[in-house]
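First up is the structure itself, then whatever we jot down about it.
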Amino acid sequence: MPKHSATNQAEPDPPILPLDAAALSELQEAVVAWFAAEGRDLPWRRTRDPWRVLVSEMMLQQIRVSRAAPFYEAFVARFPDPAGLAAAPVAEA
């Protein structure tokens, strides 16, 4: 939480983990290497389509990742874009 000075102006908090450029670069490389080895292959990570990203975000707010993947695949197959969803009868959407 920011501290307030005598003039009641908020002073920024110091960085939680102060890193110099070399340490930050090393940390970034370690995280990227970890993800390459351990990251799950999820269908929404293979697209930059805003519609598919939105659908995945909405689903991931409601259900676990492991359960969302098959629902995501079925949903985007049935409604490949916003117009497809808008044209569907309410009972199907």
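As a check on your grasp of the helix formula, calculate [θ] at 222 nm for the chain: sum -39500 (n - 2.57) over DSSP H runs of n ≥ 4, divide by the residue count, round to the nearest 500.
-17500 deg cm²/dmol
For region 39-93, GluC sites (Glu not before Pro) are listed when DSSP marks them as loop and at most 12 other Cβ atoms sit within 10 Å of their Cβ; the list is E92. Computed over the chain, the convex hull of the alpha-carbon atoms projects to a mean area of 10.9 nm². Dipole magnitude for the chain: computed about the Cα centre from +1 point charges on Lys and Arg Cβ and -1 point charges on Asp and Glu Cβ, it is near 400 debye.
Heavy atoms only, probe 1.4 Å: what % of the accessible area of region 8-93 goes to carbon and sulfur, would you let me know?
Of all accessible area on region 8-93, carbon and sulfur atoms account for 60 percent.
Shape class for region 28-82, computed from the alpha carbon gyration tensor (a ≥ b ≥ c): prolate, with a/c not under 1.5 and a/b above b/c. Rolling a 1.4 Å probe over the protein heavy atoms gives region 3-74 an accessible area of 85 Å² per residue.
The values are calculated or read from the model by the stated rules, or taken from the named source; none is laboratory data. Computed from a predicted structure; not experimentally measured. Here the Cβ is made from the backbone with ideal geometry for all residues, glycine too, and neighbour counts use every protein chain on show. Surface areas here come from the heavy atoms of the whole protein model, side chains and all, with no ligands, DNA or RNA. Shrake-Rupley method; radii C 1.70, N 1.55, O 1.52, S 1.80 Å.
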